[in-house]
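Step one of this worksheet: look at the structure below.
The values are calculated or read from the model by the stated rules, or taken from the named source; none is laboratory data. Note that the coordinates shown come from a computational prediction; the quantities given were computed from them, not determined experimentally. In this analysis, Cβ positions are derived from the backbone assuming ideal geometry, glycine residues included, and neighbour counts consider all displayed protein chains. Accessible surface is based on the protein model in full, side chains and every heavy atom, while ligands, DNA and RNA are left aside. Shrake-Rupley method; radii C 1.70, N 1.55, O 1.52, S 1.80 Å.
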Amino acid sequence: MHALRFSAPALMLASLSAFAVEVAPGDYSQFPDGTTVGLLYYQHASTGSANSRGSKVSSDYNLTSDIGMLRLLHTVQISESATLDPQFLLPFGRISGGGEAASLGSASGTGDLILTVPLKVRLSDGGDIFGFAPYLYVPSGSYDHNDPLNLGENRWKVDLQAAWVKFFTERWALDVVGDGIWYGNNSDYGPGSTRLEQDNAWAAQIMGRYMPDQTLSFGLGLGQTWGGETTIDGVNQDNPTQTTNIRLTTTKFVTPRDQFQIQLGRDLRVENGAEENFRVNLRYARVF
């Protein structure tokens, strides 16, 4: 019975649109004044099933995404303990459906441009940090209202993210991150160009970090998202997200200026939407 209440696009919205900007362990570390960092990301992810109200409605709901992202930031020192990191993020790539999601087809192109200026404040000599970052999503990505899948969302979006980093020793740290996401409306949604509205969504991450030396770190984290229920042309879709995931991360400076990161993960529980059964994130960072 649950499956009758959810179209394939509604499942996609539940699984993708409510997600916040994920943070890897150590992302809120401070850089010296004047530092410029260029980053290149690649993410491969796949789903194998879909859920509605916590019950599985499909065991063959296959979505595969291969997404890259360019990111550039520059650090500006604004006080003895605080820095700003103005930056942009530009995603691009491809997503396709298979199995019972094959009717969705595929989509490729660029995602919505993301602009942000994170504030990082050093709280103690031990390295504890408070961070705050407003992310603005600009509706610039590839979008066609006739296509079930799109890289762009055709709407403005704001993600307010706060972080606290606690160092227990030089080798052990804890990163705690929370997000609140606000959505603009998409007035050109679907073949009928209907109006898509979405409630606020929320996210939280907690990540433990072990650093055997200054060039290497290992992280284990859990994430949770909830909220983000959608309304299409005034009809409530009854599809709020409630997703729990796990991430394993290794980060290594191979030279003083070149860093590589690999992260593996999957969903542990999905209330509504497609369930991710595998994810690998690769990241290369160059410090200029």
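For the subset of segment 44-83 comprising residues that are hydrophobic (A, V, I, L, M, F, W, C) and buried (at least 16 other Cβ atoms within 10 Å of the Cβ), which member is nearest to G34 (Cα to Cα)?
Of segment 44-83, the ones hydrophobic (A, V, I, L, M, F, W, C) are 45, 50, 57, 63, 67, 69-70, 72-73, 76, 78, 82.
Among the residues that remain, those that are also buried (at least 16 other Cβ atoms within 10 Å of the Cβ) are: 45, 50, 57, 63, 67, 69, 73.
Details: A45: 35, A50: 46, V57: 52, L63: 41, I67: 29, M69: 23, L73: 10 Å.
So, considering only residues that are hydrophobic (A, V, I, L, M, F, W, C) and buried (at least 16 other Cβ atoms within 10 Å of the Cβ), the one nearest to G34 (Cα to Cα) is L73.
Do you know which residues across segment 20-79 are among the small types (G, A, S) and not in a strand (DSSP E or B)?
Let us first name the residues in segment 20-79 that are among the small types (G, A, S), namely 20, 24, 26, 29, 34, 38, 45-46, 48-50, 52, 54-55, 58-59, 65, 68, 79.
Answer for segment 20-79, where residues must be among the small types (G, A, S) and not in a strand (DSSP E or B): A20, A24, G26, S29, G34, G54, S59, S79.
Within segment 158-178, track down each residue that is open to solvent by 10 Å² or more (accessible area, probe 1.4 Å) and within 20 Å of G228 (Cβ to Cβ).
First, the residues of segment 158-178 that are open to solvent by 10 Å² or more (accessible area, probe 1.4 Å): 158, 160, 162, 164, 166-172, 174, 176, 178.
Across segment 158-178, the qualifying residues are V158, L160, A162, G178.
Any residue that is among the charged types (D, E, K, R), farther than 29 Å from L160 by Cβ and touching a residue at least 12 places away in the same chain (Cβ under 8 Å) - is there at least one of those in segment 73-93? First the steps, then the outcome.
Narrowing segment 73-93 to residues among the charged types (D, E, K, R): 80, 85.
Within this subset, residues satisfying the condition of being farther than 29 Å from L160 by Cβ are none.
No, because not a single residue in segment 73-93 is among the charged types (D, E, K, R), farther than 29 Å from L160 by Cβ and touching a residue at least 12 places away in the same chain (Cβ under 8 Å).
Which of the residues that make up segment 1-43 are modelled with pLDDT under 95, farther than 22 Å from G178 by Cα and of a type in the set (G, A, S)?
A3, S7, A8, A10 - these are the residues of segment 1-43 that are modelled with pLDDT under 95, farther than 22 Å from G178 by Cα and of a type in the set (G, A, S).
I'd like to know if segment 106-122 contains one or more residues that are surrounded by fewer than 15 Cβ atoms within 10 Å (Cβ to Cβ), modelled with pLDDT of 95 or more and not in a strand (DSSP E or B).
Looking through segment 106-122, none of the residues is surrounded by fewer than 15 Cβ atoms within 10 Å (Cβ to Cβ), modelled with pLDDT of 95 or more and not in a strand (DSSP E or B).
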